[in-house]
1. Being farther than 15 Å from F101 by Cα and of a type in the set (S, T, N, Q) is the filter here, so list the residues in the stretch 142-185 that pass it.
2. For A213, which of the numbered conditions (1) at pLDDT 90 or above; (2) at negative phi; (3) open to solvent by less than 60 Å² (accessible area, probe 1.4 Å) fails to hold?
3. Can you tell me which residues in the stretch 63-78 are more than 15 Å from D237 (Cα to Cα) and touching a strand residue (DSSP E or B) at 6+ places or on another chain (Cβ under 6 Å)?
4. Based on this model, can you work out whether E102 counts as in contact (Cβ under 8 Å) with a residue 24 or more places away in the chain, open to solvent by 20 Å² or more (accessible area, probe 1.4 Å) and closer than 20 Å to F236 by Cα?
5. Given the stretch 82-158, what helices (runs of 4 or more DSSP H) lie entirely inside it while holding 2 or more residues that are of a type in the set (G, A, S) and either within 21 Å of D176 (Cα to Cα) or within 18 Å of the chain's Cα centre (by Cα) (or both)?
6. Kindly establish whether A81 is crowded, with 16+ Cβ neighbours inside 10 Å and either among the hydroxyl-bearing types (S, T, Y) or within 25 Å of G5 (Cα to Cα) (or both).
7. Does D60 meet the test of being on the phi > 0 side of the Ramachandran plot and of a type in the set (D, E)?
8. If I filter the stretch 11-24 for residues that are over 17 Å from the mean Cα position of the chain (by Cα), modelled with pLDDT under 95 and within 27 Å of T151 (Cα to Cα), do I get at least one hit?
Amino acid sequence: MLQNGTLLLGRRGVAAAGITRQVQFGRYDLPLAKERAAEGDLVSQSLIAQTQSHRWVNTDGRFYSTGRLWTAGLPKGKTWAARGKRSAGATAFGDQVVNIFEIATLKALIAHADRRKFNLPNPAGKTPDLKVTGFYDGTITFAELYRLSPTFREVAGKGPDPAYANLVLRWSVAFDRRGLPFMVTSSWTTQGQRKPFSRSGVRTDIQSWGAAATITAPRPSQAAVVRAPAGGLPEFDDMVEIIREDARPTFKQ
């Protein structure tokens, strides 16, 4: 998964988001996904549709998408799907799952960090602020994150799925000399379950901190309300759906 975009921060965290998002398969995974899609697997069809770039915009708590998955069923002349109300934080952190701009959540994670390092020399730092860095890292289960984080609850929906609730999420936040984060990672594995296991993870690089940006919603004439993708495809456009599918048992006990 590749994302690029801009977040507008306010007193309560992420106030607006403009993100370009694209699913990327590994060299050997794409042929398998295409084969399953041709056999009628809707999840594979949804993911392949998202190998083309999609754009997400969230302003004033209203969520819009454009791209092949969402525009196929739009009325003529409409180019954006109005997907209803959603927080900008959930839009920005649907893939990362750990919203570091949710201050209460970040404080709780840091308070129980397994490791913390400060004032580490970084010869590779490209700016004076990156010449000295630090980090926090730790672990938390998805069930614990669900109880802790309003953003994750919004993304995950009605409770953490039993398929992944007890998986352990390892998180890390790296920060520069000023204390500003520049990298966030999260990773998990299904190893330990009685099935072929997998490892997954997400890395977010914060490229720059600047003055307030303008993130503009589509004009009303450009958007139409869309509840689901055309053709009966599942949304399958946030990391929780991928985690759920990945962790679900593939055998009968």
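1. Within the stretch 142-185, N166 is the sole residue that qualifies.
2. (1)
3. Those that are more than 15 Å from D237 (Cα to Cα) and touching a strand residue (DSSP E or B) at 6+ places or on another chain (Cβ under 6 Å): L74, P75, K78.
4. no
5. Counting at least 2 such residues, we get 88-92, 103-111.
6. Yes: the conditions hold for A81.
7. Taking the combined requirement at face value, the residue satisfies it.
8. Looking through the stretch 11-24, at least one residue is over 17 Å from the mean Cα position of the chain (by Cα), modelled with pLDDT under 95 and within 27 Å of T151 (Cα to Cα).
The values are calculated or read from the model by the stated rules, or taken from the named source; none is laboratory data. Please read these numbers as outputs of a predicted model, since none were measured by experiment. Note that we place each Cβ from the backbone using ideal geometry, even for glycine, and neighbour counts take in every protein chain shown. All accessible areas refer to the heavy atoms of the entire protein, side chains included, with ligands and DNA or RNA removed. Shrake-Rupley method; radii C 1.70, N 1.55, O 1.52, S 1.80 Å.
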